[in-house]
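Every number in this text was worked out from the coordinates using simple rules, so none of it is lab data. Nothing here was measured: the structure is a model prediction, and the numbers come from that model. Please note: Cβ atoms are built from the backbone with ideal geometry, for glycine as well, and neighbour counts cover all protein chains shown.
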Amino acid sequence: MDSLLLRDDQSRSPEDRPRPDRSRTDCPVLLSQRLVLRSPHVEDIDALAHLANNAAIATMVSRMPHPYTAKDAADFVRRTNIGEIGKCVYAITKAENGEFLGCCALEPHAADEDTLEMGYWLGEPYWNRGYATEAAHALIDMAFRTRDIARIDARCRVTNIASRRVIQKCGFQFQGSGMVGNLAMGGMVPVEWYRLDRKTWLSLKSWGEMR
Ligand SMILES: CC(C)(COP(=O)(O)OP(=O)(O)OC[C@H]1O[C@@H](n2cnc3c(N)ncnc32)[C@H](O)[C@@H]1OP(=O)(O)O)[C@@H](O)C(=O)NCCC(=O)NCCS
């Protein structure tokens with residue numbers, strides 16, 4: 001989740017800061033069996049600050065500060081709402097009661113407009129109930145249905161068994177490994193790189209229909 005949960009970079013001149021993008025119509029609210037994925041709200045700040053202040057999460061995503069403060073959460077919500085962090089950042093919430101569970105996002109690839117990068121995290125109390133996989137399925141379906149993209153990439157630390165499993169359950173295929181920066185770890189960490197291309201997604205979607 002490269003562009004998620006960045007602190008404000010006040011050192012950059014206004015010209016160098018990301019241009020706000022208010023056209024969020026390409027990120028519709030997403031519904032799944034148990035979840036609603038919607039843009040982060042001010043009302044999420046307390047739960048976000050509480051859940052994100054967890055080294056077990058921060059050390060697994062690229063740019064989450066740790067410790068994570070209420071100010072970080074407020075900055076995150078404000079900046080996602082004006083389009084400064086990512087083009088498509090979602091709060092993952094429970095459909096039955098609106099409870100905030102975590103975040104997921106799709107980011108454009110820096111050098112390839114046909115590729116999006118997917119990221120996600122959930123508060124630790126909600127792990128291992130299939131929520132991340134359910135959110136990722138909704139995100140992937142939306143991306144391939146509404147955008148003219150060829151593929152979605154996902155990366156996880158080599159030590160991240162749960163995320164690797166989510167990636168596998170979404171049909172991604174292993175591409176290679178490498179090193180990426182990790183803010184909470186203060187350096188580079190080894191990661192695995194996975195990819196889901198449009199034809200594989202279409203094949204997975206039609207497999208059930210052919211029975
Ligand atoms: C990664 C993360 C989002 C997964 O969320 P989740 O809702 O628990 O994921 P799911 O329940 O959909 O799937 C998790 C899978 O990992 C498996 N798993 C989790 N821990 C495991 C372990 N230690 N050993 C083996 N399998 C494990 C679960 O059994 C499940 O697989 P299954 O459905 O085949 O049984 C969550 O753990 C998280 O937020 N971690 C910290 C942040 C992070 O890693 N984000 C991703 C960065 S790439």
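Please check which bits of segment 36-61 a label hung off Glu124 would reach, taking the label as a point 7 Å along Cα-to-C-beta and the cut-off as backbone N under 19 Å.
Residues passing the 19 Å test: 46-61.
Could you identify which residue out of Thr200, Thr93, Thr80 has the top mean-square fluctuation in a GNM of the chain using Cα springs shorter than 10 Å?
The residue that fluctuates most here is Thr200.
Taking amide H atoms as placed 1.01 Å from N in the peptide plane, list the residues 5 or more away in sequence, or in a different chain, whose amide H sits under 5 Å from that of Val191.
Val158, Gly178, Met179, Val180
For Ala56 and Arg198, compute 0.36 nm times the residue count separating them, minus their Cα-Cα distance, and round to one decimal in nm. Mind dumping the intermediate values first?
Working: separation 142, 0.36 × 142 = 51.12 nm, distance 3.20 nm.
Once the chain is fully extended between Ala56 and Arg198, it gains 47.9 nm.
For the chain, what is the number of Lys pairs with C-alpha distance below 23 angstrom, counting only pairs 8 or more positions apart or on separate chains? Please report the intermediate quantities before stating the final value.
Values: Lys71/Lys87; Lys94/Lys169; Lys169/Lys199; Lys169/Lys205.
Pairs that pass both the separation and distance tests number 4.
Remind me, what semi-axes does segment 30-154 give for its equivalent ellipsoid, largest first in whole Å, using sqrt of 5 times each Cα gyration tensor eigenvalue?
Details: eigenvalues 98, 60, 38 Å².
One finds semi-axes of 22, 17, 14 Å for segment 30-154.
How much of the calculated P(r) for segment 121-211 lies past 16 Å, in percent of all Cα pairs? The partial results should precede the final answer.
Details: 2471 of 4095 pairs.
For segment 121-211, the fraction of Cα-Cα distances above 16 Å is 60 percent.
Report the dimensions of the chain along its three principal axes from the alpha-carbon atoms, largest first, rounded to Å.
For the chain, the Cα spread along each principal axis is 54, 40, 34 Å.
Give the order of His66, His50 when sorted by the count of other beta carbons within 10 angstrom, beginning with the fewest.
Values: His66 19, His50 15.
In increasing order of surrounding Cβ atoms, one gets His50, His66.
Go through Met118, Val61, Leu35 and say which Cα lies farthest out towards the positive end of the charge dipole of segment 30-154; charges sit on Cβ, +1 for Lys and Arg, -1 for Asp and Glu.
Leu35
Would you kindly state how much longer the chain becomes between Ala70 and Asp141 on full extension, computed as 0.36 nm times their sequence separation minus their alpha carbon distance, in nm to one decimal? Before the final figure, lay out the partial values.
Details: separation 71, 0.36 × 71 = 25.56 nm, distance 3.24 nm.
Contour length minus the Cα-Cα distance gives 22.3 nm.
Can you compute 3J(HN,Hα) from phi for each residue in segment 101-109, using the Karplus curve 6.51 cos²θ - 1.76 cosθ + 1.60 with θ = phi - 60°, rounded to whole Hz and x for Gly and Pro?
Listing the rounded values in order: 10, x, 9, 8, 7, 10, 10, x, 6 Hz.
Roughly what % antiparallel, to the nearest 5, for the DSSP beta bridges in the chain? Show your work: numbers first, answer last.
Numbers: 35 of 39 bridges.
Looking only at bridges with both residues in the chain, the antiparallel portion is about 90 percent.
For Cys88, what residues show an amide H to amide H distance below 5 Å, using hydrogens built from the backbone and excluding near sequence neighbours?
Under 5 Å from the amide H of Cys88: Leu106.
Lone cysteines in the chain, defined as no other cysteine's Cβ under 4.7 Å from theirs: which are they?
Cys with no partner Cβ under 4.7 Å: Cys103, Cys104, Cys156, Cys170.
Let me know the charge dipole size of the chain about its Cα centre in debye, to the nearest 20, where only the beta-carbon of Lys, Arg (+1) and Asp, Glu (-1) is charged. Write out the running numbers ahead of the final one.
Numbers: 28 positive and 28 negative charges, 106 e Å.
The calculation lands at about 500 debye.
Return the sequence-ordered ³J(HN,Hα) values of segment 40-50 in whole Hz as given by the Karplus equation 6.51 cos²θ - 1.76 cosθ + 1.60 applied to θ = phi - 60°, using x for Gly and Pro.
Couplings: x, 10, 4, 5, 7, 4, 4, 5, 4, 4, 5 Hz.
Residue by residue through segment 175-183, what is 3J(HN,Hα) from phi via Karplus (6.51 cos²θ - 1.76 cosθ + 1.60, θ = phi - 60°)? Round to whole Hz and write x for glycine and proline.
3J(HN,Hα) across segment 175-183, in whole Hz: 10, x, 10, x, 10, 9, x, 9, 4.
Using amide H atoms built in the peptide plane, which far-off residues or other-chain residues are under 5 Å from Leu35 H to H?
Under 5 Å from the amide H of Leu35: Ala95.
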